Amino acid sequence: MEKILITGSAGFIGYHLTKLLLKNNFEIYGIDNINDYYDINLKYARLAETGIVSDNSEKHIAGSTIKDIEFGKEVTSYLDSNYCFCRIDIQDKASLFRLFETEKFDYVVHLAAQAGVRYSIENPDVYIQSNIVGFHNMLEACRQFPVKKLLYASSSSVYGNNSKIPFSIHDKTDNPVSLYAATKKSNELLAHAYSHLYKITTIGLRFFTVYGSWGRPDMSPILFANAITKGETLKVFNNGNMERDFTHVSDIVEGIYRIIQVARNQEEEHYRLFNIGNGTPVNLMTFIRTIEKQLGKNANLQFLPMQPGDVRQTWADTEELTAYCNYKPNTSIEEGIKEFTDWYSKYST
């Protein structure tokens, strides 16, 4: 059985990927620093859903008893013995190296990062440390303790205000409009250098506006759902004149799984990039109206100008992904938002 390290496994995408890969008979080792960028109870609740609990102070989340996990403590899932978790910060190079030396991973899926475009404007230091220093530590760990492949999360934000649509992996990405985007572009450049110098096989995954159950509370779907449910004002930037290639999290993790399936059975170019997006941009107001419909309530809208760091449109060209692993994300907005609101209605009560 092949062993995969998932960094950020207590996060939104990491949680869903862990569940999918366990279902498909991989051995999973997850790490996360469980920081307080948003409510850590949500992170512990995701871990509890996959059977990861500790024996320290108890907390009660969404009907399940979960517990704090200390740094460096290794916990095996009580639901699946093929899943082990350890609380580690990717900025802690020594701990990371000890882990790689001991566990001898076949593959790494690196999802751990400081997320959020607007937060990066106010807190740049956090992004440099997590997204650049932390990513470099991951590359060094893969160099010192070789793995077959390193897959890592990039972002559609690297395209900036690209006027050419849809966005292709062959487009230039030299003009990021947020620090978050700049750190993701830096990841791609560092991966390219390590692939060239040390023959490490790296696969960058440019995710497009991911949404779905167990998402981050700072992401637009939960912000929208909270405002609509509570009758609060919902801020709509650029007067709603924005389009996003909203991609359901199930399509994101299925894309990662398909890439792993192909990559494990063939020799690779040392450096690859893929867009993982739905390939169908949706107007922001359509997205909001669909959430309203599912929740059975109307939003109180406040239209505002474009925010610094935002872009007007994203749209993924997924031809390379389809050619590589015969997969194209296809969850409709109606299906995806129903899945999200069903979870939201249950979890928020």
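Of note:
- The listed residues are TYR119, TYR152, and the only one of them that is under 18 Å from the mean Cα position of the chain (by Cα) and under 20 Å from ASP218 (Cβ atoms) turns out to be TYR119.
- Criterion: in contact with a Ser or Thr (Cβ under 8 Å, 6 or more places away or on another chain), modelled with pLDDT of 95 or more and among the basic types (Lys, Arg) - qualifying residue of LYS104, LYS149: LYS149
- Tally, over region 82-100, of residues that are part of a loop (DSSP other than H, G, I, E, B) and under 19 Å from the mean Cα position of the chain (by Cα): 4
- From the list LEU21, LEU42, the one residue that fits, being touching a residue at least 60 places away in the same chain (Cβ under 8 Å), among the aliphatic types (A, V, I, L, M) and crowded, with 22+ Cβ neighbours inside 10 Å, is LEU21.
- Filter result (in contact (Cβ under 8 Å) with a residue 12 or more places away in the chain and over 16 Å from the mean Cα position of the chain (by Cα)) within region 122-131: PRO124, VAL126, ILE128, GLN129
- Some residue of region 101-116 being among the basic types (Lys, Arg) and under 19 Å from the mean Cα position of the chain (by Cα): no
- GLN313 closer than 17 Å to ARG206 by Cα, surrounded by 14 or more Cβ atoms within 10 Å (Cβ to Cβ) and either aromatic (Phe, Trp, Tyr) or out of contact with any Gly (no Cβ under 8 Å at 6 or more places or on another chain) (or both): yes
- Scanning region 166-189 for residues that are of a type in the set (A, V, I, L, M) and in contact with a strand residue (DSSP E or B) (Cβ under 9 Å, 6 or more places away or on another chain), we see that the one that is surrounded by the most Cβ atoms within 10 Å (Cβ to Cβ) is ALA181.
- Any hit, region 197-207, residues being in contact with a strand residue (DSSP E or B) (Cβ under 7 Å, 6 or more places away or on another chain) and farther than 21 Å from ALA323 by Cα: yes
- Filtered residue count, region 190-235, keeping only those that are among the hydrophobic types (A, V, I, L, M, F, W, C) and more than 23 Å from GLU254 (Cβ to Cβ): 10
- Restricting PHE246, PHE274 to those that are farther than 22 Å from ASN187 by Cα, buried (at least 20 other Cβ atoms within 10 Å of the Cβ) and either under 16 Å from the mean Cα position of the chain (by Cα) or without any contact (Cβ under 8 Å) to a residue 12 or more places away in the chain (or both) reduces the list to PHE246.
- Considering SER120, SER154, the condition of being of a type in the set (S, T, N, Q), buried (at least 20 other Cβ atoms within 10 Å of the Cβ) and at pLDDT 95 or above is satisfied by SER154 alone.
- Annotation for region 123-145: no member residue is touching a strand residue (DSSP E or B) at 6+ places or on another chain (Cβ under 8 Å), part of a loop (DSSP other than H, G, I, E, B) and aromatic (Phe, Trp, Tyr).
- Top-ranked residue of region 60-81 - restricted to ones that are modelled with pLDDT under 90 and in a strand (DSSP E or B), ranked as nearest to ASN137 (Cα to Cα): LYS67
- Restricting region 316-349 to residues that are of a type in the set (Asp, Glu) and within 21 Å of ASP171 (Cα to Cα), the residue that is surrounded by the most Cβ atoms within 10 Å (Cβ to Cβ): ASP317
- All of (1) outside any helix (DSSP H, G or I); (2) in contact with a Gly (Cβ under 9 Å, 6 or more places away or on another chain); (3) farther than 25 Å from ARG118 by Cα; (4) of a type outside the set (D, E, K, R) hold for TYR37 with one exception: (3).
- Cβ-Cβ distances below 6 Å connect the following pairs, each with a first residue in region 91-104 that is more than 12 Å from VAL147 (Cβ to Cβ), a second residue that is among the small types (Gly, Ala, Ser) and surrounded by 16 or more Cβ atoms within 10 Å (Cβ to Cβ), and a separation of six or more residues or different chains: GLN91/GLY134; LEU96/ALA141; PHE97/ALA141.
- The helices (runs of 4 or more DSSP H) located wholly in region 172-280 that include 2 or more residues which are under 22 Å from GLY8 (Cβ atoms) and among the hydroxyl-bearing types (Ser, Thr, Tyr) occupy 179-198, 249-263.
- Enumeration of residues in region 302-322 that are among the hydrophobic types (A, V, I, L, M, F, W, C) and at pLDDT 90 or above: TRP315, ALA316, LEU321
The values are calculated or read from the model by the stated rules, or taken from the named source; none is laboratory data. This is a predicted model, so every value here is computed, not measured. So basically every Cβ, Gly included, is an ideal-geometry build from the backbone, and we count neighbours across all protein chains shown.
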